[in-house]
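K.L.:
Let me give you the structure first, and then I'll get to my questions.
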Amino acid sequence: MFAIITVVGVDMVGIIAKVSAILADRGVNIASISQTILDEYFTMMMRVDLSGLKVPRAALKEDLEKAGEEIGVKVTLIHEEVLQAMHRI
Amino acid sequence: MIFTPFEIQETVRMFSMQKLDIRTVTMGISLRDCASSSGEEARRRIYDKITRRAERLVAVGREIETEFGIPIINTRISVTPIAMVAEASGESDYVEFARTLDKAAKTVGVNFLGGFSALVQKGCTKGDLTLLSSLPRALAETDIVCGSVNVASTQAGINMDAVRRMGEIIKDLAARTAAAGGIGCAKLVVFANAVEDNPFMAGAFHGPGEAESAINVGLSGPGVIKSALEGLSGASFDEVAETIKKTAFKITRMGELVAHEASRRLGVPFGIIDLSLAPTPAVGDSVARILQEMGLEHVGAPGSTAALALLNDAVKKGGIMASSHVGGLSGAFIPVTEDEGMVEAAQRGCLSIEKLEAMTCVCSVGLDMILIPGDTPASTVSAIIADEAAIGVTNHKTTAVRLIPAPGRRPGDRVEFGGLLGGGPVMAVSPLSAEGFIARGGRIPAPVHSFRN
């Protein structure tokens with residue numbers, strides 16, 4: 001069960017550390033990670049495996065969004081199946 | 001990464017900025033086996049069946065919303081037209097049935113329940129007549145029950161007796177809910193060529209040709225289409241149509257995912273995806289703004305009908321391939337009070353009921369959520385219904401009328417309903433009388449199906 005986490009905002013030290021600490025603490029494994037500059041914004045994308053998730057998915061989503069707000073970036077969590085449906089036939 | 005950054009960002013923006021959501025997951029439930037010669041027994045069966053079948057509907061909607069990160073705005077229920085279910089009871093008033101539906105819907109926690117309905121395109125049975133006479137009180141005295149009446153079809157023509165009654169019923173219902181601007185009328189739709197699997201309110205019912213139960217999903221994504229067109233200023237219509245098609249495809253695929261997931265989790269067969277672009281009063285969720293994006297100063301300007309025809313067709317073309325079963329109304333909705341861009345156009349005097357009528361020839365549904373003066377005669381309301389039904393019957397499409405004669409209000413007065421229903425200005429109606437026309441009654445015969453020119 002995979003999901004995609006995106007982090008968009010102004011680049012700064014510790015963004016990846018902050019997000020990955022939350023993930024590690026909740027049993028989420030990072031399968032792949034990439035970062036790029038898209039529309040002048042720092043954009044990080046992670047493909048994560050939620051099969052070992054120790055908290056409800058809603059709680060994970062909330063924690064990530066809260067952490068993002070603290071450092072001024074926008075964090076979103078999308079189920080991989082949604083992207084699969086939209087972008088792959 | 002399996003997906004490109006562009007793809008991921010496109011999806012993120014659809015949800016976060018462009019208000020893409022599932023408007024409704026609607027569970028259709030057949031109540032045909034609830035009929036009984038005792039009204040009390042029938043109502044007990046109805047309550048039991050709805051609360052049993054839809055017990056987990058709201059919870060499953062929330063589960064999917066959280067797990068997939070897709071907002072689901074409403075969960076709803078549609079049932080067999082109540083005239084068919086209640087008829088065997090022999091009762092002379094069906095208000096109690098509406099109360100039972102209201103109670104059952106509230107018990108399971110859905111937002112709306114549709115199906116306080118009758119299909120009378122060719123004529124009325126005893127049960128149909130009882131339902132019609134119960135409509136004003138039933139909808140005024142319940143909260144989340146919606147009703148609809150199909151008064152015409154391409155095969156049967158237009159039942160002008162029913163059309164006349166509907167004008168009176170709408171006026172009566174408005175008077176009973178006068179304190180709230182006639183809001184009761186927002187829960188009543190008059191149809192021509194009604195579809196049996198529509199998930200949208202107020203016209204949803206579970207048609208007699210449907211299975212025992214089905215999950216039907218309605219989408220909402222005007223904001224996504226508008227954003228997609230924003231990058232195309234000055235581009236030709238070939239490009240505009242292509243872009244709308246591709247975007248509609250993506251949106252519908254998401255609806256398909258949710259529909260199958262809901263169907264699997266509830267153990268109820270998947271029915272259809274309704275591809276309609278349903279606006280909400282929120283800024284950025286408007287069909288009118290899509291037409292403006294195509295180059296019109298305001299919706300209502302010359303060119304509006306052509307723009308809407310293109311939009312409606314491109315949405316269908318993109319969506320049909322994305323879903324295994326498309327149904328319902330499937331097209332662009334043009335309600336007035338529920339669409340921020342329509343409201344602005346109406347307020348500026350850019351939009352008339354006559355222009356809206358023309359636009360309904362090429363899109364989904366019809367004259368929807370339009371506030372008209374409270375002193376509009378019932379015969380005029382009926383005549384507007386007859387015009388709209390004629391468009392549907394002749395063009396082999398669904399049309400509908402949901403007019404709100406706001407008691408005591410005059411053209412230009414503003415009425416606010418709040419929530420998804422929005423609010424807007426009272427629009428002027430022609431002062432010319434149709435009294436003699438409506439008084440005739442009888443049936444307008446079905447149109448000829450060949451020699452189509």
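K.L.:
What does the charge count near B:L57 come to, summing +1 for each Lys or Arg and -1 for each Asp or Glu among other residues with Cβ under 12 Å from its Cβ?
P.N.:
+4
K.L.:
Among residues other than B:G221 whose Cβ falls under 11 Å from its Cβ, what is the net charge (Lys/Arg +1, Asp/Glu -1)?
P.N.:
With Lys, Arg at +1 and Asp, Glu at -1, the net is +2.
K.L.:
Please report the carbon-and-sulfur percent of the accessible area for the protein assembly as shown; probe 1.4 Å, protein heavy atoms only, DNA, RNA and ligands left out.
P.N.:
52
K.L.:
Between B:A178 and B:S450, what is the spin-label point distance in nm, taking each point 7 Å from the Cα along the Cα→C-beta axis?
P.N.:
Label-label distance for B:A178 and B:S450, simple model: 5.5 nm.
K.L.:
So which aspartates and glutamates pass the test for B:K106, namely a Cα distance under 17 Å, with those fewer than 8 places away in the same chain ruled out?
P.N.:
B:D48, B:E55, B:E96, B:E141, B:D143
K.L.:
Output the relative contact order of segment A:24-76, whole-number percent, from Cα pairs under 8 angstrom with separation of 6+ residues.
P.N.:
Averaging sequence separation for qualifying contacts and normalising by length gives 31 percent for segment A:24-76.
K.L.:
Roughly how crowded by other chains is peptide A:49-61, in terms of the mean Cβ count from those chains within 10 Å of each of its Cβ atoms?
P.N.:
Per residue, the average neighbour count from other chains is 1.
K.L.:
Pull up the cross-link candidates among the aspartates and glutamates for B:K316, meaning alpha carbon to alpha carbon under 14 Å and not fewer than 8 places away within one chain.
P.N.:
Straight-distance partners of B:K316: B:E242, B:D274.
K.L.:
Turning to a different aspect of this structure: One-quarter of the Cα convex hull surface for segment B:106-223, in nm²?
P.N.:
8.9
K.L.:
Report the chymotrypsin sites (Phe, Trp or Tyr not before Pro) located in segment B:364-452 that are in a DSSP loop and have at most 12 other Cβ atoms inside 10 Å of their Cβ, or state none.
P.N.:
Listed in order of number, the matching sites are B:F451.
K.L.:
Counting only the heavy atoms of the protein chains, how much of B:R52 is accessible to a 1.4 Å probe, in Å² to the nearest 10?
P.N.:
Around 150 Å² of this residue is reachable by solvent.
K.L.:
Express in Å², to the nearest 10, the accessible area of B:S236 obtained by rolling a 1.4 Å probe over the protein heavy atoms while all chains stay in place.
P.N.:
Result for B:S236: roughly 60 Å² accessible.
K.L.:
Also: Which GluC sites (Glu not before Pro) does chain A hold that lie in a coil by DSSP with at most 15 other beta carbons within 10 Å?
P.N.:
A:E40
K.L.:
Something else about it: Beta carbons within 10 angstrom, averaged per residue: use that to sort the peptides A:49-61, B:290-302, highest first.
P.N.:
Ranked from most to least packed, the peptides come out as B:290-302, A:49-61.
K.L.:
Please list B:C363, B:C350 from largest to smallest accessible area, probe radius 1.4 Å, with all protein chains kept in place.
P.N.:
Heavy-atom accessible area, descending, gives B:C350, B:C363.
K.L.:
Suppose a student asked you for the relative contact order of segment B:310-453, using Cα pairs under 8 Å spaced at least 6 residues apart; what percent would you report?
P.N.:
Reported as a whole number, the value is 25 percent.
K.L.:
So, one more: Among all the lysines, which ones have a C-alpha under 26 Å from A:K66's C-alpha, if same-chain residues fewer than 8 places away are not counted?
P.N.:
The qualifying lysines are A:K18, A:K54, A:K74, B:K19.
K.L.:
Mind grabbing the accessible area of A:M1 for me, 1.4 Å probe, Å², rounded to tens?
P.N.:
For A:M1, the solvent-accessible surface is approximately 110 Å².
K.L.:
In addition: Net charge near A:I4: determine it from the other residues with C-beta under 9 Å of the C-beta of A:I4, scoring Lys and Arg +1 and Asp and Glu -1.
P.N.:
Overall, the nearby charge balance is 0.
K.L.:
Considering only the protein assembly as shown, what is the antiparallel percent among its DSSP beta bridges, to the nearest 5?
P.N.:
Taking every DSSP beta bridge with both residues in the protein assembly as shown, the antiparallel ones total about 55 percent.
K.L.:
How many partner chain Cβ atoms sit within 10 Å of a residue's Cβ in peptide B:12-24, on average, as a whole number?
P.N.:
Taking the mean over all residues of the peptide, I get 2.
K.L.:
Averaged across B:248-257, how many Cβ atoms of other chains sit within 10 Å of each residue's Cβ atom?
P.N.:
3
K.L.:
Using a 1.4 angstrom probe with every protein chain in place, what is the largest-first accessible-area order of B:H325, A:H79?
P.N.:
Result, largest first: B:H325, A:H79.
K.L.:
Also: Just report the Cα centroid separation between segment B:375-453 and segment A:47-79, whole Å.
P.N.:
50
K.L.:
Further, regarding this structure: Over chain A, what is the percentage of antiparallel beta bridges among all DSSP beta bridges, to the nearest 5?
P.N.:
Taking every DSSP beta bridge with both residues in chain A, the antiparallel ones total about 100 percent.
K.L.:
Sorting check: for B:55-65, B:156-166, which peptide has the highest mean count of neighbouring beta carbons within 10 Å, and how do the rest follow?
P.N.:
The packing order, highest mean first, is B:156-166, B:55-65.
K.L.:
Roll a 1.4 Å probe over the protein chains and send me the accessible area per residue for the protein assembly as shown in Å².
P.N.:
That works out to 38 Å² per residue.
The values are calculated or read from the model by the stated rules, or taken from the named source; none is laboratory data. This structure is a prediction, so every number in the text was calculated from the model and none was measured. When we count neighbours, we look across all protein chains shown, and the Cβ atoms used for this are built from the backbone with ideal geometry, even at glycine. The area values use the complete protein model at the heavy-atom level, side chains included, leaving out ligands, DNA and RNA. Shrake-Rupley method; radii C 1.70, N 1.55, O 1.52, S 1.80 Å.
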